[in-house]
Amino acid sequence: MATVVRGVILVGHGGIPKGCPQELVTKLKRLEAQRRAAKMPPSPEERELDNKIRQWPRTPETDPYQSGLEAVAAQLRANLGEVLFAVAYNEFCAPTLEESVVDLIKKGATHITVTTTMFTPGGSHSELEIPEILEQLRKQYPDIALRYAWPFDMNLIAAMLATQVKQF
């Protein structure tokens, strides 16, 4: 019987770091829109721009979103016990979901659960992009159990928000 090694990935949206030229982001978003309209894979130019923005130097001052997600990730990791853990970003920041899945597989994960900070229905990242990426990864890694812990129970989200509001 094979050993089960669990992994968890927390996916955040990703932010544009201060100092990253806006024209790079504008060009990337234009190329993405053209590609999606044409239903084509990313061009080399789009991949290069995406990578350049994702690899842009970051500090808590230049990318408070990343440092905030990392803080949530540290708390989540502490509450999960013995699992391999990674963070991933939908856009603008590294690593990608694909990169984090591959990293956990290389570390021995056989069962990976992906969750996101994007709680509400209706978002393209949480409803479309993450499931599409996971479907492609399932084809690449058929022996790995890849689960997506989404959609969220809206009662649990409302209870969490109520607890937060009551503190104020």
Those residues of the range 30-66 which are basic (Lys, Arg) and within 18 Å of the chain's Cα centre (by Cα), in sequence order: ARG47, LYS52, ARG54, ARG58
Filtered residue count, the range 67-88, keeping only those that are in a helix (DSSP H, G or I), closer than 19 Å to LYS107 by Cβ and over 14 Å from the mean Cα position of the chain (by Cα): 5
Selected residue [closer than 25 Å to ARG36 by Cα and surrounded by 17 or more Cβ atoms within 10 Å (Cβ to Cβ)] from LEU104, LEU128, LEU134, LEU84: LEU134
Given (1) more than 25 Å from GLU132 (Cβ to Cβ); (2) out of contact with any strand residue (DSSP E or B) (no Cβ under 8 Å at 6 or more places or on another chain); (3) at pLDDT 95 or above, index of the condition GLY81 fails: (3)
Pick from the range 106-120, criterion outside any loop (DSSP other than H, G, I, E, B) and in contact (Cβ under 8 Å) with a residue 40 or more places away in the chain, ranking: farthest from GLU91 (Cα to Cα): HIS111
Qualifying residue in the range 146-165 (condition: closer than 22 Å to ALA86 by Cβ, of a type outside the set (Ser, Thr, Tyr), outside any helix (DSSP H, G or I) and touching a Leu at 6+ places or on another chain (Cβ under 9 Å)): yes
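The values are calculated or read from the model by the stated rules, or taken from the named source; none is laboratory data. Owing to the predicted nature of the structure, the values given are computational and were not obtained by experimental measurement. Positions of Cβ are generated from backbone atoms using ideal geometry, with glycine treated the same way; all protein chains shown enter the neighbour counts.
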